[in-house]
1. With every protein chain left in place and a probe of 1.4 Å, what is the accessible surface of GLU221, to the nearest 10 Å²?
2. When all protein chains stay in place, what accessible area (Å², nearest 10, 1.4 Å probe) is found for SER217?
3. Can you pick out the pairs among LYS25/LYS66; LYS125/LYS155; LYS125/LYS199; LYS66/LYS256; LYS125/LYS237; LYS132/LYS164 whose Cα atoms lie more than 24 Å from each other?
4. How big is the convex hull of the Cα atoms of segment 199-250, per residue, in Å³?
5. Multiplying the sequence separation of LYS142 and GLU221 by 0.36 nm and subtracting their Cα-Cα distance, what value in nm do you get?
6. What does the extension gain come out to for GLN53 and THR194, with contour length at 0.36 nm per residue minus their alpha carbon separation?
7. For the residue pair LEU17 and ARG247, what label-to-label distance in nm results when each label sits 7 Å from Cα along the Cα-to-beta-carbon direction?
8. Roughly how far apart, in whole Å, are the Cα centres of segment 5-46 and segment 146-214?
Amino acid sequence: MCPQNVLQDTLRLLQKLLRSPGCRKMPLLVQNTDDVVTAAMNFHSQRLCPVFQVSNVSGQNLDLLKQFLNLLRTRMEAMESEPAEFQMDDLYSVPGVGTVVSGTVLRGVIRLNDTLLLGPDALGKFRPVQIKGIHRKRLPVKECHGGQTASFAIKKIRRAELRKGMVLLSPLLQPDDSCCWEFEADILVLHHPTTISVKYQAMVHIGPIRQTCTIVSMNTEHLRTGDKAAVRFQFIKNPEYLRTGMRMVFREGRTKAVGTVTRLYPQTTGNPTNTKCKVAKMQTQRGPRETTKGPGRRGGGRRGRKKKRDPDEKPLPDAPMQT
């Protein structure tokens, strides 16, 4: 555990944040098994927030945390009858295997040798890929169901072409309707030193997606601590695959805001503003620049050079004045 004075300050700040108008949670310090049962039984009400004081060095209270996790009910349904959807959390390059992605199957069933759509890329496009291997808990399996975490080996894909937040979708879905540059969300500002206005930029976290966004518009002129508003955001680098109802976190320095995605704007006004594809396209259209240095240019020829004066050379006498 950390020093006692630091621990008390952290607990005091945490309780103040949980009881603020933005959260309105009731903190519960879990210290024994009875507190674990009480927290697990009332956790679904979303009013109670259990607080565990855990030490990774000595292992203190880790048993209480494991008991609490085992008592929780499943929040995600398998939805095995729906088309498959997989969200990437981590990326690896394994020698002898190739590119491996790990994450969570949000719905449906993914089987070995299935062909799924991978994307979105820098331009918001999807490409078909084949699953050549599935591992769960370090063991090879033949299929993976909704709500389970797994690792997939993908054929003919380099690690550099992937990023966290990309998805694997069934060909039955229409990913272009959910791939967007801009989206709208209802946010609540937990803390901000001054005011938030249009064109403000900060880091947005939506699941495994992490990207800087710009505020395009909002239904109020300014936002301060404790304010709520409907805000329209725009990604500045890559389009992302989103769904309505996803939770988001908006942060920058000490600024913190939370919200929920309410509306998507699929491929409307957003343009790739910082992608390598756009830069390469512009250079191809303009062609290579030709630079030549003529004798009259600075640094080229003798015209731009100055003759050095010899220190032993005597100056010429002045010419007599004529009257």
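1. Accessible area of GLU221: about 140 Å².
2. Accessible area of SER217: about 50 Å².
3. Working: LYS25/LYS66 22 Å; LYS125/LYS155 18 Å; LYS125/LYS199 27 Å; LYS66/LYS256 29 Å; LYS125/LYS237 14 Å; LYS132/LYS164 20 Å.
Distance filter (> 24 Å) returns LYS125/LYS199; LYS66/LYS256.
4. Values: hull volume 4.7 nm³, N = 52.
It is 91 Å³ per residue.
5. Details: separation 79, 0.36 × 79 = 28.44 nm, distance 5.38 nm.
Length gained between LYS142 and GLU221: 23.1 nm.
6. Values: separation 141, 0.36 × 141 = 50.76 nm, distance 3.29 nm.
The span from GLN53 to THR194 would gain 47.5 nm if fully extended.
7. The two pseudo-label positions are separated by 1.4 nm.
8. Answer, in whole Å: 29.
The values are calculated or read from the model by the stated rules, or taken from the named source; none is laboratory data. Here the structure is a predicted model, which is why all the values come from computation and not from measurement. No Cβ is skipped: glycine too gets one built from the backbone with ideal geometry, and neighbour counts run over all protein chains shown. Just so you know, the surface numbers come from the protein's heavy atoms only, side chains and all, with ligands and any DNA or RNA stripped out. Shrake-Rupley method; radii C 1.70, N 1.55, O 1.52, S 1.80 Å.
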